[in-house]
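The block underneath contains the structure these notes are about, expressed in structure tokens.
Just so it is clear, none of the values below were taken in a lab; they were calculated from the coordinates. Computed from a predicted model, the values in this text were never measured in an experiment. Here the Cβ positions follow ideal geometry from the backbone for every residue, glycine too, while neighbour counts run over all protein chains shown.
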Amino acid sequence: MNQLYPDNIRVDRAQNDTIAAIATASAAAGIGIVRVSGPDAIGICEKFYENARGIHDLKEHASNTISYGFIADEDGNRMDEVMVSLFRAPHSYTTEDTVEINSHGGRYLLDRILELVLRGGARLAEPGEFTKRAFLGGRIDLSRAEAVMDLISSQNDFAHKTALAQLSGRVSEKVRDLRSSILYEMAFIESAIDDPDTYASDLEGYPDKLDGICGQLLDEMESLLEIGEKGAVLKEGIRTAIIGRPNAGKSSLLNYLAGNERAIVTEIAGTTRDTLEESVRIGSVQLCLTDTAGIRDTEDRVEKIGIERARAAVNQSELVLYLIDASEGITREDRDIALFLKQWKKDIPSVRRCIILLNKSDLPPVTDTDSVHSFFTDADAVLSCSLRTGEGADELGRKIEEMYRAGELQQQNEVMLTSARHREAVREACGSLSLVRQSIALGMSEDFFAIDLMNAYASLGRITGEAVEDDLVEEIFSKFCMGK
Amino acid sequence: MTYSIETDVCVIGAGHAGCEAALACSRLGFRTVIFTMNVDSIAMMPCNPHIGGSSKGHLVREIDALGGEMAKNIDKTFIQSKMLNVSKGPAVHSLRTQADKAEYSKSMRQILENQENLIIRQAEVTDLLTQFDLEDDGPAEKEASGKAAAEKPRIVGVRINTGTVYRCRAVIICTGTYLNARCLVGESITETGPGGMQRSTWLKDAMNRLGIPLRRFKTGTPARMDGRTLDYSKMKIQPGDPVVVPFSYSTDPADVQIEQVPCWLTYTNEETHEIIRRNLDRSPIYAGIIEGTGPRYCPSIEDKVVKFSEKNRHHVFIEPEGRYTNEVYIDGMSSSMPDDVQQQMYRTVPGLENCVIVKNAYAIEYDCINANQLKLSLETKAVDGLFCAGQFNGSSGYEEAAAQGLIAGINAANMLRGRDPLILKRSEAYIGVLIDDLVTKDNREPYRMMTSRAEYRLLLRQDNADLRLRKYGYEAGLITQKQYEYVCEKEEKIREEINRLKKVRIGAAAANQEILQSLGSAPLKTACSIAELICRPELSYEKTALLDPDRPSLSRDVAEQVEINIRYEGYIDRQKKQVDQFEKLEHRRIPDWIDYDDVGSLRNEARQKLKQFMPSSIGQASRISGVTPADVTVLLIYLEKKRGRG
């Protein structure tokens, strides 16, 4: 924990700030509570609470009262009908001023209300922090300290697990990508500062380049937030990537699946703006296909396989349809792909499946399903077909349906950044990157950028639960040849 | 009958750490003996010929602010000086000098020789003695025997190779790379310390007996050549700065404006790399002969070629070893290849075609400790009065060593005086970052200072080391009252001038607009303070003088601080806020008596790590890898509970 701003410091932030969190455990409950505690609790809530006549009067409410009213956002749009309880210090659980907003809304509305309060100046409570304050405020006597410590420990574990559960593989992948971009830029700057004799000249024109990179990262983070705001643009379907060497028949397979009479094709703009996804129904199974074929067709005419591009699509998928050209057999590229897929499956074996299609069965084959099976032992199925003649192609649909019914393939709803904790972290990171751009605009030198880049990096790390540790130093040494 | 000599402090090793440690103790009035394998190797620079550099320059300034010797000595013996990163922000400016190695060593030896209370002794220390070893030897130790089992070992002396015992109350181990060292040039392995010096061996057994395990690190150094055999016309000259800034606050800048010696830049090429690749199996590292862990920031040319194969050339700097020698240092090409491969590969580098090697490049392996076994004071957790400093603690670099030596020396003296140890915080000094990292982190290679390791680097600048640290040097007794008062006055002048500049407002009068225009700056729309004008990128404190007729005449160092503090105020304030948060955790002490088994709810991993590191504050605990924020909260509540009861 050494780099610019240690994350752990959050633990003991000033006792005099105001914290907020959803105090009810599950979304299933009929009523949910957002609890706000601290010296500004009443002031912050007053901004968003109005009584039936639209008057913001929370500050005048007496202690230990409950009132009916509405929560409205900054623009005055009423979001929800609520009951608000008010406890003035020291007559509350935490012994601080406390407001509890009771809402009938489900998880979605609670999250929106919590976010309003956070935007209004509260910060998100750490696990067990209300209890900790109650303890430190003398509300809980010393004999119960053990219990409080247990509670904090277990709540932390729970929070960590649920936070991870709320993170789809796709989001954490995205967040990791963002982080590694930021880390690389930091390491670049640091290497130039640390070893100016070797690297100083690399910084010429760098601020402009970094400004562009920050702009791009900000776009990506803002679109993450946007999708989160909409609550759930649920991407129905099993994420499926079609991969294979050029000319193995990826386009044909896509056309086959999309052109199939039973398939309904829709287009959904992807979360990252440059991918296109197609939703295809096969019998009772919905597939969300990632079009890696299109990428290849426009750019990679060369014999080089688009493994880097396919990699991204594969990492976000639950199902991989991997095409091998039976008339060419298993090539060196196929071995690379196989190695990569092996690792991919190993990462999350419970949900990742791979079907190999031995295409072009109409041409003289140089390999067969048995030898493919022994070459790629991790395949869940190896099918032989000809997408040109259609022979054997229906077998694929049947196999997918069969796997789905057997529970082998699971439809994972894409829920992006639904947790307020995650969104707060992304917003903080956005703020930090904006400060980087501000420093660039002011003509500051590169070492100033590093400060806010590190903040952005640390904020995003809270989403995936990754601490800062020695990442920067590691990156400097692994990416840059240091030392005279 | 054992011959024994009475003293206060024994320092083992007279490298950069040992020299600072011994000087600090003797200057603070304690009788000190410094042991060295060879008096001719005092303050030797067995690797590169520079002092300072990125972040290391900060350390040298801090050593000076605290009353150490390194800065003063290099100011007397440098042959080239350069301020690095001047086009960057003030936090990353760093001074780097080329030393005249022989002069540096000679000058430091003179200082040691003439230091009151200090004795130089050429000998190998073979044993470390605690009260249990000398039980029957002195009345003071006798009473210990009864409760020996429960008592913690305490240093009472050292034994040297002649059998003579030096009785003392503190020992500072600074063996650098000498302990059990071996040097490798390809298949040729010699059991020597750096530069062919005799190695030490016995201390290993003593450490084992005290229950302090050792580990093995490695590092390497490039070849030295006869400079007359190089063709400099094929290289690019690397001159020093036209105006030299001294390292020490006590050095008169006029004294360092000397005639400088240049360095030279050339590059490796594919031919070099091909020779290396072809002979990789003969490199001790790649052949698996070397067991030690080497530093990544100082890779051998073999490592560079293998790990960065996409680079078709690497920088090579030719640096003089001194003013009165022909020897030059081939910076960037450290290696452990056999001699014949070295001869071939160096000769592929432009300018080195006919080079004659004086000393081969070699890798060196040595014993050191994991500094996790130390307290932040650099005293071992296992043995009272036993301190460790320098490369022996798993660091690398002359500056890192000297910094630790100085702190270990001050803290040994503080222990003898019954004072609390001097522990610099991460928010106060690079030295604080250095020692905290060494003691708190799991370092797997020799540790080098870097500016990116200092999270509050905007506050820890090389230009303000005196303002940050003089008071600690003064409290320790290494800085005079006069020196300290000078800094206090300087601080006051800076504060006054900043306040004045924020108050003095100038209007949009024609005369002012004209001055602004002549300075290439936009005209004023409304009145504003001089401070606001200084923040304009094209203006500065100096340039705004014309607009500021009442400006007092201030020294250059005061003006520099005024300018930096005004110009970077926003950033500095943000870091100060972070420091406030950080220090809250630092100030929550964890008492020595804590029993982590008694703290319920801690996760097992955290419990083990906390037991292993025994952090002294909540802040330090939070930096241990494997200790989560929730663990820290649990710990806080536990301490709160104990306090409530007490």
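Remarks
- The length gained by stretching the chain between B:GLU291 and B:GLN513 to full extension, at 0.36 nm per residue less their Cα-Cα distance, is 73.0 nm.
- Here the translational diffusion coefficient of chain B follows from Stokes-Einstein with Rh set to the Kirkwood radius across Cα pairs; for 37 °C and 0.692 mPa s it amounts to 123 µm²/s.
- Convex hull of region B:376-474 built on C-alpha atoms - directionally averaged projected area, nm²: 6.4
- Structure note, pairs B:LYS218/B:LYS307; B:LYS425/B:LYS584; B:LYS584/B:LYS609; B:LYS503/B:LYS543: Cα-Cα distances above 20 angstrom occur for B:LYS584/B:LYS609.
- Lysines with Cα under 27 Å of A:LYS174, excluding same-chain neighbours fewer than 8 positions away: A:LYS161, A:LYS209, A:LYS230, A:LYS235, A:LYS250, A:LYS304, A:LYS342, A:LYS345, A:LYS346, A:LYS479
- Paired Rg and Dmax values of region B:555-628, which use every Cα atom, in angstrom: 19.0, 59
- Over the protein assembly as shown, the alpha carbon radius of gyration divided by the compact-protein estimate 2.2 N^0.38 Å works out to 1.06.
- B:ARG216 versus B:GLN110: modelled label distance in nm, points set 7 Å from Cα along the beta carbon direction: 4.2
- With the simple model of a label 7 Å out from the Cα in the direction of the Cβ, B:ARG589 to A:THR377 spans 6.1 nm.
- Span per principal axis, largest first, for the Cα atoms of region A:32-140 (Å): 39, 28, 22
- For region B:481-572, the dipole from Cβ point charges (+1 on Lys and Arg, -1 on Asp and Glu) about the Cα centre works out to 220 debye, to the nearest 20.
- Sorted peptide list for B:16-29, B:332-345, B:479-492, criterion being average Cβ within 10 angstrom, highest first: B:16-29, B:332-345, B:479-492
- Here the translational diffusion coefficient of region B:481-572 follows from Stokes-Einstein with Rh set to the Kirkwood radius across Cα pairs; for 20 °C and 1.002 mPa s it amounts to 154 µm²/s.
- Summary of the geometry: region A:321-341 and region B:483-556, compared by the centres of their Cα atoms, lie 70 Å apart.
- Among the residues of B:47-54, the average count of other protein chain beta-carbon atoms within 10 Å of the residue beta-carbon is 2.
- Ordering of B:407-418, A:195-206 by packing [mean C-beta count within 10 Å, highest first]: B:407-418, A:195-206
- Förster radius 41 Å - calculated FRET efficiency between B:ASN604 and B:ILE189, Cβ distance, rounded to 0.05: 0.40
- Summarising the strand pairing of the protein assembly as shown, around 65 percent of its internal DSSP beta bridges are antiparallel.
- Computed E for A:SER172/B:SER87 - FRET, C-beta separation, R0 41 angstrom, nearest 0.05: 0.60
- Set of lysines with alpha-carbon distance to B:LYS490 below 17 Å, sequence-local pairs under 8 removed: B:LYS471, B:LYS482
- Within 10 Å of each Cβ in B:430-442, the average number of Cβ atoms from other chains: 1
- Residue pairs exceeding 22 angstrom between C-alpha atoms, taken from B:LYS76/B:LYS493; B:LYS152/B:LYS611; B:LYS56/B:LYS441: B:LYS76/B:LYS493.
- For region B:346-400 versus region B:570-604, the gap between their alpha-carbon centres in whole angstrom: 31
- A Förster radius of 56 Å, combined with the Cβ-Cβ distance separating B:ASP597 from A:HIS91, puts the computed FRET efficiency at roughly 0.90.
- Averaging Cα coordinates gives a centre for region B:423-440 and one for region A:423-453; these two points are 26 Å apart.
- Peptide A:195-207 - average C-beta neighbours from other chains (10 Å radius): 3
- Descending semi-axes in whole angstrom, ellipsoid equivalent of region B:224-365, from the Cα gyration tensor: 31, 18, 14
- Compactness of region B:1-131 is given as radius of gyration and Dmax, 16.8, 66 Å, from Cα positions.
- With the charge dipole of the protein assembly as shown set up from +1 on Lys and Arg Cβ and -1 on Asp and Glu Cβ about the Cα centre, the Cα lying farthest toward the positive end among the listed residues B:MET415, B:PRO239, A:ILE355 is that of B:MET415.
- When each of the peptides A:112-121, B:305-314, B:394-403 is scored by how many other beta carbons lie within 10 Å of its residues on average, the order from highest to lowest is B:394-403, A:112-121, B:305-314.
- Other-chain or far-sequence residues with amide H under 5 Å of B:GLY157's (modelled H): B:LEU129, B:CYS168
- Summarising the amide proton neighbourhood of A:ALA393: residues at separation of 5 or more, or on other chains, whose placed amide H is nearer than 5 Å comprise A:SER386.
- Compactness of region B:588-645, expressed as Rg and Dmax over alpha-carbon positions, Å: 10.1, 31
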